[in-house]
Amino acid sequence: DQQVKQNSPSLSVQEGRISILNCDYTNSMFDYFLWYKKYPAEGPTFLISISSIKDKNEDGRFTVFLNKSAKHLSLHIVPSQPGDSAVYFCAASARSGGYQKVTFGTGTKLQVIP
Amino acid sequence: NAGVTQTPKFRILKIGQSMTLQCTQDMNHNYMYWYRQDPGMGLKLIYYSVGAGITDKGEVPNGYNVSRSTTEDFPLRLELAAPSQTSVYFCASSYSEADTQYFGPGTRLTVL
């Protein structure tokens, strides 16, 4: 049962254009959402997050949008740069059994073409 | 500032062998985690710890054991390696349960 889904395994975007990475979730108890970026042979690194009480959070070139009614999360990168080429994981957390459990999506591989 | 370190980076095991994956963090984080990532899949939580001496099972704990004798170290033990345990293993830590997790570089394990 994949509670956090990233339906696009890969995405290619031209340098300077917008990259939009999507994530859908099924558990309405999720109250915190995160995006992690992962380069090959490295561990994931935190990128940006959003609480369920907000619908938008911005940090420089990165903006995360949350649509609770649609259970949909998206990450916008503007403008995209070649260094943004990586795998992006969406993650969502909810309290389960006394613990704030984090569930990860399967990842989207972004390639930014110079 | 080392953050989260993992050893070894790579390992090949034969079926039935055992090994310990090491994880150390120098950020004085209370929470530590072990994940596995299979090809095309997300990260699955194996075990986690909320502090020294306290551990609990995650989603996929079977075939693994952990201990947490110090704040810094959180080793993961495979007792009888099986091909299904071929994966990339990531250790992570966070200050609190709702805080950002910091990941190590991973250990790529192959069981033949």
### Task
Could you tell me which residue of segment B:1-51 is nearest to the other protein chains (Cβ to nearest Cβ), considering only residues that are of a type in the set (A, V, I, L, M) and under 15 Å from the mean Cα position of the chain (by Cα)?
B:Leu43
### Filtered residue count, segment B:61-112, keeping only those that are modelled with pLDDT of 95 or more and among the charged types (D, E, K, R)
5
### Message
For A:Ala70, only one of the following conditions fails: (1) touching a Cys at 6+ places or on another chain (Cβ under 9 Å); (2) surrounded by fewer than 16 Cβ atoms within 10 Å (Cβ to Cβ). What is its number?
### Response
(1)
### Task
Could you tell me whether any residue of segment A:32-45 is closer than 23 Å to B:Phe90 by Cα and small (Gly, Ala, Ser)?
yes
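Any residue in segment B:95-103 that is buried (at least 19 other Cβ atoms within 10 Å of the Cβ) and more than 11 Å from the chain's Cα centre (by Cα)?
yes
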### Task
Can you run down the residue pairs with Cβ atoms below 7 Å, 6 or more apart or on separate chains, where the first is in segment A:29-40 and at the interface with chain B (Cβ under 10 Å from one of its Cβ atoms) and the partner is part of a loop (DSSP other than H, G, I, E, B) and surrounded by fewer than 21 Cβ atoms within 10 Å (Cβ to Cβ)?
A:Asp31/A:Ser52; A:Tyr32/A:Ser52; A:Tyr32/B:Ala98
### Query
Looking only at segment A:33-56, which residues are over 24 Å from B:Ser87 (Cβ atoms) and under 12 Å from the mean Cα position of the chain (by Cα)?
A:Phe33, A:Ile48, A:Ser49, A:Ile50
### Test for A:Lys56: is it more than 10 Å from chain B (Cβ to nearest Cβ), basic (Lys, Arg) and surrounded by 13 or more Cβ atoms within 10 Å (Cβ to Cβ)
no
## Note on the structure
Here the residues within segment B:75-92 that are over 16 Å from B:Gln37 (Cα atoms) and within 10 Å of the chain's Cα centre (by Cα) are B:Pro75, B:Arg77
### Task
Please work out which residue is modelled with the highest pLDDT, limiting yourself to segment A:17-47 and to residues that are among the hydrophobic types (A, V, I, L, M, F, W, C) and touching a Gly at 6+ places or on another chain (Cβ under 9 Å).
A:Cys23
### Query
Looking only at residues in segment A:59-114 that are touching a residue at least 60 places away in the same chain (Cβ under 8 Å) and of a type in the set (Lys, Arg), which one is farthest from the other protein chains (Cβ to nearest Cβ)?
A:Lys109
### Query
Regarding A:Phe104, is this residue surrounded by 21 or more Cβ atoms within 10 Å (Cβ to Cβ) and either modelled with pLDDT under 95 or not hydrophobic (A, V, I, L, M, F, W, C) (or both)?
yes
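The values are calculated or read from the model by the stated rules, or taken from the named source; none is laboratory data. Nothing here was measured: the structure is a model prediction, and the numbers come from that model. Glycine also receives a Cβ, built like all others from the backbone with ideal geometry; neighbour counts cover every protein chain displayed.
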